[in-house]
Amino acid sequence: MIKSRCIVSIDDVSDSEMNEIFDLTDRMNESLESGKSITTMKGKILATLFYEPSTRTRLSFESAMQRLGGSTLGFSDVKSSSVSKGETLADTVRMAESYSDIIVIRHPLEGSARLASRFTAKPVINAGDGSGQHPTQTLLDLYTMKKEFGKIDGLKIALIGDLKYGRTVHSLLLALSRFKVQVTLVSPPSLRIPQHIISKVKDIIKIEETDVISHVLPEADVFYATRIQKERFTDQNEYQSLIGSYSIDSELVSQMKETAIIMHPLPRVDEINPSVDALPQARYFKQAYYGVPLRMALITLLLGGEN
Amino acid sequence: MDQTLKISKIKDGTVIDHIPGGKSLKVLSILNITGHVNYTVSLGMFVQSKTLGFKDVVKIESRFLERDELDRIALVAPEASISKIRNYEIVEKFQVSLTDRVTDIIKCSNQNCISNTKEPIRPEFIVKTRKPLILTCIYCDREMFEGEILSNL
Ligand SMILES: [Zn+2]
């Protein structure tokens, strides 16, 4: 069981609950691999309230619920829902409560999932609120590191790319501060991580900031690349020159440790060259694959365990 | 001799004492005391004080303060003392208090926060630290620091 009954922020998950989630993710993973069907959520309904499109995240939640024997309903297009008629989020959540057992919400405004959790007694999972939190992605990132290295403590982690707007990386950094890790932030000066994020972690873990990727190459265990969004640049030449210095290709990988892993929340554009996909360090597809078993574990624990 | 006596006594009204030096203008703005009030306001700025070094004192004739006004003052002047005066006598004296939660007093400075929309909720913050003053929005987790808090009051 997860005590808070809602996963709005990674802080809603205690250390022991995180271990519980990861252990159950392992077992869900084994079930999926063995092809054994699970029916623990039979008769239960998961609602997906998606106020902005994110096909990948929504399908991952829907697949997870259906793999558990449950069913799903919801919307992913605000235009076709009552939201476009000006209904408040609070009212939409009250309505969804009567249709479902657990609610997943994605919304462009920060704090929206916390608000939703205040208007329902049913569990709420935040699938991204503006530039705020995206805790299931964070759990997935942490799970991947733990799965690959056995533990997170002691890892040297490089976070690369757009650290200013990339919310996954903000959530991840805050969560990493719960472990004994060393973090290097690699980004162009214009895309550095915001000060209000840094100030929360700088006294807890060792952090370095740099704009050159080369010196972390032989040292880091984890290279976590994020998407640099073209839309952020008014000058496309600037984008092209930046992407050149921050994208990972096989030449860069050859300077990494053999045991290092490369992660990315996907979808990627130019940040990782396709020639890297076949190299042993590439883990981003595996990371994405873990999304379903992890969400199966989370739904199960939020709805009262395996029995 | 008590330096505050430099300001004339009031018959009925409120004395706000122990305001940190220079913050009385902010207190006046919280109380919506502009150049257009129809009661007497006396102000002492940078009055020497045994405990605060320099303090400000505000005396307002014929006005008594509401709960939410006291809560706002607590954010600016956490050690302020309030005296209610009737017929030149102090009938009640207390300190303002900054509670652990601040509700409905200020708005979140994050323009992209759900609490700044028409949802049926009131802005709410947790007092993270008192010195320096840091408030955390319970919705979006954004931390607001003193300068931001004062300009949002
Ligand atoms: Zn907020």
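Over region A:135-288, what is the relative contact order in whole percent, taking alpha-carbon pairs under 8 Å and six or more residues apart? The partial results should precede the final answer.
On the way: 253 pairs, mean separation 36.1, N = 154.
Relative contact order of region A:135-288: 23 percent.
When the accessible areas of B alone and A alone are added and the area of the pair subtracted, with a 1.4 Å probe, the result is around 1500 Å², both sides summed.
What does the net charge come to around residue A:97 if you take all other residues with beta carbon closer than 11 Å to its beta carbon, with K and R at +1 and D and E at -1?
Details: positive: A:94, A:122; negative: A:91, A:101.
Neighbour charge sum, excluding residue A:97 itself: 0.
As a length-normalised measure over Cα pairs under 8 Å and 6 or more apart, the relative contact order of chain A settles at 20 percent.
For residue B:89 and residue A:14, what is the calculated FRET efficiency with R₀ set at 45 Å and r taken between the beta-carbons, to the nearest 0.05?
Values: r = 55 Å, r/R0 = 1.23.
Result of the calculation: an efficiency of 0.25.
Counting only heavy atoms of the protein chains and using a 1.4 Å probe, residue A:290 has close to 10 Å² of accessible surface. Relative to the Cα centre, the charge distribution of the protein assembly as shown, modelled as +1 at Lys and Arg Cβ and -1 at Asp and Glu Cβ, gives a dipole magnitude of about 1080 debye. Taken over chain B, lysine pairs spaced eight or more positions apart, or on distinct chains, with alpha carbons under 13 Å apart number 9.
Expected output is a single nm value to one decimal: the length gained when fully extending between residue A:190 and residue A:206, i.e. 0.36 nm times separation in residues minus the C-alpha distance. What is it? Before the final figure, lay out the partial values.
Numbers: separation 16, 0.36 × 16 = 5.76 nm, distance 2.21 nm.
Fully extending the segment from residue A:190 to residue A:206 adds 3.5 nm.
Scalar couplings 3J(HN,Hα) for region B:80-90, obtained by applying the Karplus form with A = 6.51, B = -1.76, C = 1.60 to θ = phi - 60°, are 5, 10, 10, 10, 8, 10, 9, 6, 6, 9, 6 Hz; x denotes Gly and Pro.
The label-point distance for residue B:50 and residue B:128, in a model that sets each label 7 Å from Cα toward Cβ, rounds to 3.7 nm. Put a plus charge on the Cβ of each Lys and Arg, a minus charge on the Cβ of each Asp and Glu, and nothing anywhere else: the dipole of region A:135-288 about its Cα centre is then about 720 debye. The residues of chain B expose, per residue, 54 Å² of accessible area to a 1.4 Å probe. Take each residue in A:128-139, count the other chain C-beta atoms within 10 Å of its C-beta, and the mean is 2. Residues of region B:104-132 whose accessible area, computed with a 1.4 Å probe over protein heavy atoms, drops by at least 20 Å² once all protein chains are present relative to their chain alone are B:112, B:114, B:118, B:119, B:120, B:121.
Can you send over the carbon and sulfur percentage of the accessible area for chain B, probe radius 1.4 Å, protein chains only? Accessible surface attributable to carbon and sulfur in chain B totals 50 percent.
Each other residue within a Cβ distance under 14 Å of residue A:212 adds +1 if Lys or Arg and -1 if Asp or Glu, for a net charge of -3.
The simple spin-label model puts a point 7 Å past each Cα toward its Cβ; for residue A:232 and residue A:147 those points are separated by 2.7 nm. Region B:39-94 and region B:98-153 have Cα centres lying 25 Å from one another. Expressed in units of 2.2 N^0.38 Å, where N is the residue count, the Cα radius of gyration of chain A is 1.00.
Exposure check, 1.4 Å probe, all protein chains in place: residue A:192 carries approximately 90 Å² of accessible surface.
Counting Cβ atoms of other protein chains within 10 Å of each Cβ in B:138-150 and taking the mean gives 4.
Calculated FRET efficiency, residue A:250 and residue A:56, Cβ-Cβ r, R0 30 Å, to nearest 0.05? Write down the numbers at each step before the final one.
Details: r = 26 Å, r/R0 = 0.86.
Plugging the Cβ-Cβ distance into 1/(1 + (r/R0)^6) gives 0.70.
Using the Cβ-Cβ distance between residue B:79 and residue A:199 with R0 set to 22 Å, the FRET efficiency works out to roughly 0.25. Once the other residues with Cβ under 11 Å from the Cβ of residue A:177 are scored (Lys, Arg +1; Asp, Glu -1), what is the net sum? Taking every Cβ under 11 Å from that of residue A:177, the sum is +3.
Summarising the label geometry, the points placed 7 Å from Cα in the beta-carbon direction at residue A:121 and residue A:26 lie 3.6 nm from one another. Each helix, a run of at least 4 DSSP H residues, gives -39500 (n - 2.57); summed and divided by the residues of chain B, these come to -4000 deg cm²/dmol at 222 nm. Which of A:146/A:206; A:200/A:286; A:147/A:230; A:147/A:200; A:151/A:180; A:147/A:257 have a Cα-Cα distance over 21 Å? Beyond 21 Å: A:200/A:286; A:147/A:230; A:147/A:200.
Leaving out ligands, DNA and RNA, and with a 1.4 Å probe, what % of the accessible surface on region A:135-288 is carbon or sulfur?
Details: 3220 of 6530 Å².
Ligands and nucleic acids excluded, carbon and sulfur give 49 percent.
Among DSSP beta bridges lying fully in the protein assembly as shown, give the percent that are antiparallel, nearest 5.
Here the antiparallel bridges make up roughly 50 percent for the protein assembly as shown.
Residues in region A:135-288 average 42 Å² of solvent-accessible surface per residue, probe 1.4 Å, ligands and nucleic acids excluded.
The values are calculated or read from the model by the stated rules, or taken from the named source; none is laboratory data. All of these numbers come straight from a predicted model, not from anything done at the bench. Don't worry about glycine lacking a Cβ; one is built from the backbone with ideal geometry, like all the others, and counts go over all protein chains shown. In case anyone asks, the SASA skips ligands and DNA or RNA and just uses the protein heavy atoms, side chains included. Shrake-Rupley method; radii C 1.70, N 1.55, O 1.52, S 1.80 Å.
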